[in-house]
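The values are calculated or read from the model by the stated rules, or taken from the named source; none is laboratory data. Since the model is a prediction, treat every value here as computed from it, not as a measurement. So basically every Cβ, Gly included, is an ideal-geometry build from the backbone, and we count neighbours across all protein chains shown.
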Amino acid sequence: MAAQRIDGKALAQQVLAECGAEVARMVTRGVVPGLAVVLVGDNPASRAYIRNKVRACADVGVRSIVHEFGADTSQAQVIEQVRRLNDDPAIHGILVQLPLPKTLDEAAILAEVVAHKDVDGFHEVNRGALFSGQPRFPPCTPAGMMRMLDSIGVSLTGKHAVVVGRSNTVGKPMALLLLARDATVTLCTSKTVDLASHTRRADVLVVAVGRPGLVNGDMVKPGAIVLDVGINRTAEGKLVGDVDFDSVAQVAAHVTPVPGGVGPMTVAMLVVNTIAAAQ
Ligand code: NAP
């Protein structure tokens, strides 16, 4: 079987086109959605992600501002900036780009972002809403994957979904979003014994670990839907996911590529959440 590739880039463009139409309607009512990004330090990957986010905002008419700080910035200075943005009526969404330098207390800084501007969905209130099955700002990467599943018209009710990786930003929220759609969910971690025995039972398999080639075709149920979140750079500088695309594509019904899969959807969902915050 040759799996169909779920084209995240094309789907993200479609989502952004819908966002552009919505922003145009909002502008006629005098509202221009505004996103503020707080970047601390000089992580090249973070800079690349922010470039993509700023570009996507510009494409649809969302105003975005990046506030940059050196790696030696104090906790108090970052918190002061976040509080200023909380009080700024022209800013509807605030994104603190992770990871923050190790000298800063990430959880304490994220907790400063007011819940109604928390477009990344990391505030305790928004995590609580997600936990209760009524997400307000679902974290962007899992929200993007749910859109990908919807785009292929799959009903998740009663399906067995296996999520590999339990980070607060991807694995856990993805498990909760799948559960909210009545999937039966298994969450695997680095401590899981015999990972393949779980992944082989998945109708929907989400891999969010950060290890190239962790999942290959032998570990996938025929006809499964496989979503690859991993972003890894090989020694040769090539960008690859956690899934061995070629062998998995022989077995699965649908699979996402890296690059051009989950990544572009993450950016698109940030724009979606920013517009929702402005509304
Ligand atoms: P993370 O915080 O490092 O979490 C990794 C998770 O993988 C942990 O829960 C860990 O388990 C689990 N794990 C490690 N080795 C494992 C193994 N052998 N078997 C099963 N589980 C294992 O990572 P993250 O932030 O979720 O990111 C994961 C990957 O996705 C990274 O490559 C990241 O760059 C990428 N990512 C992509 C996007 C996108 O938009 N495409 C967005 C975010 C992240 P323990 O909890 O037991 O340690």
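Looking only at residues of region 240-254 that are under 23 Å from L177 (Cα atoms) and more than 16 Å from the ligand (Cβ to nearest atom), we find that the one that is surrounded by the most Cβ atoms within 10 Å (Cβ to Cβ) is A252. Residue pairs whose Cβ atoms lie under 7 Å apart, separated by 6 or more positions or on different chains, with the first residue in region 168-184 and closer than 22 Å to A107 by Cβ and near the ligand (Cβ under 8 Å from one of its atoms) and the second modelled with pLDDT of 95 or more and among the β-branched types (V, I, T), are T169/T141; V170/T141; V170/V229; G171/V163.
Of the residues making up region 190-219, just one is without any contact (Cβ under 8 Å) to a residue 12 or more places away in the chain and away from the ligand (no atom under 11 Å from the Cβ), namely S197. Exactly one residue out of G260, G210, G237, G223 is in contact with a Lys or Arg (Cβ under 6 Å, 6 or more places away or on another chain), at positive phi and surrounded by fewer than 22 Cβ atoms within 10 Å (Cβ to Cβ), and it is G260.
Counting only residues that are without any contact (Cβ under 8 Å) to a residue 60 or more places away in the chain and farther than 18 Å from R166 by Cα, region 220-245 holds 13 of them. For region 111-138, a residue qualifies if it is closer than 23 Å to Q279 by Cβ, free of Cβ contacts under 8 Å to residues at least 60 places away in the same chain and in a helix (DSSP H, G or I), and the qualifying residues are A115, E124, V125, N126, R127, G128, A129, L130. Listed by first and then second residue, the pairs with beta-carbon distance under 6 Å, at least 6 apart or on different chains, first residue in region 18-43 and closer than 20 Å to P89 by Cβ, second of a type in the set (S, T, Y), are P33/T274; L35/S64; L35/T274.
For region 139-255, the strands (runs of 3 or more DSSP E) that sit wholly inside it and include 2 or more residues that are closer than 22 Å to L11 by Cβ are 160-164, 204-207, 225-228.
Let's see how each residue does on (1) surrounded by 18 or more Cβ atoms within 10 Å (Cβ to Cβ); (2) aliphatic (A, V, I, L, M); (3) under 18 Å from S46 (Cα atoms):
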| residue | (1), (2), (3) |
| --- | --- |
| A71 | no, yes, yes |
| R84 | no, no, no |
| L95 | yes, yes, yes |
| K117 | yes, no, no |
| E124 | no, no, no |
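A single entry from V215, V243 fulfils the requirement of being on the phi < 0 side of the Ramachandran plot, over 19 Å from the mean Cα position of the chain (by Cα) and β-branched (V, I, T): V215.
Of the residues A249, A235, A224, which single one is under 19 Å from P142 (Cβ atoms) and of a type in the set (A, V, I, L, M)?
Unique residue meeting the criteria: A224.
Matching residues to (1) within 17 Å of N273 (Cβ to Cβ); (2) surrounded by fewer than 20 Cβ atoms within 10 Å (Cβ to Cβ); (3) of a type in the set (A, V, I, L, M):
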residue	(1), (2), (3)
L11	yes, no, yes
R25	no, yes, no
T28	no, yes, no
V32	yes, yes, yes
V37	yes, no, yes
G41	no, yes, no
A45	no, yes, yes
A56	yes, no, yes
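When E106 is tested against (1) surrounded by fewer than 16 Cβ atoms within 10 Å (Cβ to Cβ); (2) more than 15 Å from the ligand (Cβ to nearest atom); (3) within 30 Å of T192 (Cβ to Cβ), only condition (2) is not met.
Considering each residue of region 17-47, count those that are closer than 17 Å to D59 by Cα and in a helix (DSSP H, G or I), and give that number.
Summing the residues that are closer than 17 Å to D59 by Cα and in a helix (DSSP H, G or I) in region 17-47 gives 11.
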